[in-house]
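The values are calculated or read from the model by the stated rules, or taken from the named source; none is laboratory data. Bear in mind that the values here come from a model prediction, so they are computed numbers and not experimental data. Please note: Cβ atoms are built from the backbone with ideal geometry, for glycine as well, and neighbour counts cover all protein chains shown. Quick note on the areas: whole protein, heavy atoms, side chains included, nothing else; ligands and nucleic acids left out. Shrake-Rupley method; radii C 1.70, N 1.55, O 1.52, S 1.80 Å.
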Amino acid sequence: MEAPFTVAETREAVRSGRASSVEICRAALDRIAAADPGINAFRAVAAERALARAAQLDARGDRATLPLLGVPVAIKDNLCTRGIATTAGSRMLDGYLPPYDADVVERLESAGAVIIGKTNCDEFAMGSSTENSAYGPTRNPWALDRTPGGSSGGSAAAVAARMVPLSLGSDTGGSIRQPAALCGVVGFKPSYGRVSRYGLIAFASSLDQVGPFATTVMDAALAMDVLAGHDPRDSTSSPAPVPAFARALDESRGELKGVRIGVPRALFTDGVDAGVLAAFDAALDVSRACGAEIVDIALPYNAQAIPVYYIIATAEASANLARYDGVRYGFRAADARSVGEMYERSREGGFGREVKRRIILGTYVLSAGYYDAYYLKAQQVRTLIRRDYDAAFAGVDVIAMPTSPTPAFPLGERTGDPVRMYLSDVFTVSANLAGLPAVTVPCGFAAGRLPVGLQFTGRPMDDSGVLRVADAYERATSWSTERPDARPSSLSR
Ligand code: GLN
């Protein structure tokens, strides 16, 4: 029999006593030791802490009630973990040890999950390739000379290379969905407010959401059952009742009769890879065969989503990043002669190029002379984007789009051209601007056996609806069982 790997298999194996949490934890640590040197998905592996935690779980009597019992989880390095260094991919937070856990980390641990380590990401989650990490890029397990996507590239690669069955990322404009698509795994961005942002290092607070990466939609739903829920420590956390995510998938059994899927075809004209479009069209046929009706829709203001996002996200980032002054966290420049000089030099030396670019852009669009022309205008267009979605959702239940316009691109290809890098997010940023739930599920390959992702976006707070449609698609296909060929042979289980 194969060793348990998925979230569902792992918890069953541990609950029934076929495997111990310690055995599962050791197996994950072995896979990381074998595969990660070539991939660099992890910033830190907390082996001793994880093994001690697994041993504690094995000693407990109430195991059957823990929903993620023994499941090894990797956490993006912009989520605070008490006592485990948390850098957000920045030199600015070098050596920072958070004094508290993020809400999602607390929730995972109380559900019996074992935190294995922290994953690499673009600095302060700003990027689409993980190349903006101050600690070196992560490589795509499907093609080691290509990017895993970003900003949560380490979390995506760790699951794609089968190092861990579950990881967490954050998604401000696509940072869970785009890397999940490029690495051939499932990634879910919940509705804004569904998951607490407490302990997430802030990038753009009106857009940021935390969510899971997994190899199956069911595993993502099992994780959402634990992650979702109101948290009084996050003022934007929703008090709405939390649906039973995994149970809803069991009940619908892949049936899509009566479900209407909208397709905004006019958005896919320029710059979309032919292999991505072919996989997308084939995926629509599969959804149709499951009983769904495919409907043409228009989302005209989506064409403005990238400029709107890069004004609002940078404006919020410029405010959020003002706190890094060399005094309170991590890095401080040496030999400054005054307080002002210390601030200046710490920010100069602590932040990388992309982060500085965004602070400058964000400060500019908020400045007195330009606020109306840029920031205010962007907020108005954000409302129009939201209204486009509202109008579309009057006639359809979910909207399908490719997750990323291209498959994984070579490392270095876009680092010198920020606008080209920003265009990696054309199909993902609008869900954040409108606060909508969106999931990506593997839907085949483009040339060179590079994974392609299929994205479903849903109505506000209809997180269960998008997971259901993605799960039906996954059940009707076998893409989720494909694994990277380029993996080191020691990874086969
Ligand atoms: N790639 C986008 C950016 O660079 C989105 C990042 C994210 O979602 N954190 O801002």
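Looking only at residues in the range 342-368 that are of a type in the set (A, V, I, L, M, F, W, C), open to solvent by less than 60 Å² (accessible area, probe 1.4 Å) and within 16 Å of the ligand (Cβ to nearest atom), which one is nearest to T130 (Cα to Cα)?
V355
Output the number of residues of the range 250-302 satisfying the condition of being part of a helix (DSSP H, G or I), more than 26 Å from the chain's Cα centre (by Cα) and closer than 20 Å to D462 by Cα.
1
Of all residues in the range 379-397, count the ones that are over 22 Å from A266 (Cα atoms) and open to solvent by less than 70 Å² (accessible area, probe 1.4 Å).
Keep residues of the range 379-397 that are over 22 Å from A266 (Cα atoms), which gives 379-380.
Then drop every residue that is not open to solvent by less than 70 Å² (accessible area, probe 1.4 Å), which leaves 379.
The qualifying residues number 1.
Taking into account only those residues within the range 80-89 that are under 11 Å from G117 (Cα atoms) and aliphatic (A, V, I, L, M), which is surrounded by the most Cβ atoms within 10 Å (Cβ to Cβ)?
I84
Could you grab me the full set of residues in the range 317-341 that are open to solvent by less than 30 Å² (accessible area, probe 1.4 Å) and either part of a helix (DSSP H, G or I) or basic (K, R) (or both)?
A317, S318, N320, L321
Please enumerate the residues belonging to the range 435-457 that are more than 17 Å from the chain's Cα centre (by Cα) and at negative phi.
C443, F445, A446, A447, L450
Which one is nearest to D103 (Cα to Cα), of the residues in the range 135-155 that are away from the ligand (no atom under 12 Å from the Cβ) and outside any loop (DSSP other than H, G, I, E, B)?
Going through the qualifying residues, I end up with G154.
Is it the case, given these coordinates, that V452 is in contact with a Cys (Cβ under 6 Å, 6 or more places away or on another chain) and either away from the ligand (no atom under 13 Å from the Cβ) or not acidic (D, E) (or both)?
Yes.
I need the full set of residues from the range 175-209 which are within 17 Å of N120 (Cβ to Cβ) and either open to solvent by less than 10 Å² (accessible area, probe 1.4 Å) or part of a loop (DSSP other than H, G, I, E, B) (or both), in order please.
S175, I176, Q178, P179, A180, L182, C183, V185, G187, I201, F203
Taking the residues in the range 420-449 that are of a type in the set (G, A, S) and within 11 Å of the ligand (Cβ to nearest atom) as candidates, determine which candidate is surrounded by the most Cβ atoms within 10 Å (Cβ to Cβ).
Step by step, filter the range 420-449, then rank; the result is A431.
Looking at (1) open to solvent by 10 Å² or more (accessible area, probe 1.4 Å); (2) modelled with pLDDT of 95 or more; (3) over 30 Å from F351 (Cβ atoms), find the lone condition where A283 falls short.
Condition (1) is where A283 drops out.
Conditions first: (1) open to solvent by 50 Å² or more (accessible area, probe 1.4 Å); (2) more than 24 Å from A228 (Cβ to Cβ); (3) touching a residue at least 40 places away in the same chain (Cβ under 8 Å). R107 passes all but one, so which condition is the exception?
For R107, the failing item is (2).
Looking only at residues in the range 110-122 that are outside any strand (DSSP E or B) and more than 10 Å from the ligand (Cβ to nearest atom), which one is most open to solvent (accessible area, probe 1.4 Å)? Show your work before the answer.
To start, the set of residues in the range 110-122 that are outside any strand (DSSP E or B) comprises 110-113, 120-122.
Keeping just the survivors that are more than 10 Å from the ligand (Cβ to nearest atom) gives 110-113, 120.
Values: S110: 84, A111: 5, G112: 0, A113: 0, N120: 1 Å².
In this case the residue turns out to be S110.
Would you check if there is a residue in the range 224-233 being closer than 21 Å to G453 by Cα, crowded, with 19+ Cβ neighbours inside 10 Å, at pLDDT 95 or above and under 17 Å from the mean Cα position of the chain (by Cα)? Please lay out each step first, then the result.
Residues of the range 224-233 that are closer than 21 Å to G453 by Cα, as a first pass: 224.
Adding the requirement that they be crowded, with 19+ Cβ neighbours inside 10 Å leaves 224.
With at pLDDT 95 or above added as a condition, the list becomes 224.
From the residues that got through so far, the ones that are under 17 Å from the mean Cα position of the chain (by Cα) too are 224.
Checked against the condition, which is being closer than 21 Å to G453 by Cα, crowded, with 19+ Cβ neighbours inside 10 Å, at pLDDT 95 or above and under 17 Å from the mean Cα position of the chain (by Cα), the range 224-233 yields at least one hit.
Under the condition of being outside any loop (DSSP other than H, G, I, E, B) and more than 12 Å from the ligand (Cβ to nearest atom), which residue from the range 162-174 is surrounded by the most Cβ atoms within 10 Å (Cβ to Cβ)?
So, considering only residues that are outside any loop (DSSP other than H, G, I, E, B) and more than 12 Å from the ligand (Cβ to nearest atom), the one surrounded by the most Cβ atoms within 10 Å (Cβ to Cβ) is S167.
Here are the criteria: (1) part of a loop (DSSP other than H, G, I, E, B); (2) more than 16 Å from the ligand (Cβ to nearest atom); (3) in contact with a helix residue (DSSP H, G or I) (Cβ under 6 Å, 6 or more places away or on another chain); (4) open to solvent by less than 10 Å² (accessible area, probe 1.4 Å). Tell me which single one D219 does not satisfy.
Of (1) part of a loop (DSSP other than H, G, I, E, B); (2) more than 16 Å from the ligand (Cβ to nearest atom); (3) in contact with a helix residue (DSSP H, G or I) (Cβ under 6 Å, 6 or more places away or on another chain); (4) open to solvent by less than 10 Å² (accessible area, probe 1.4 Å), only one is false for D219: (1).
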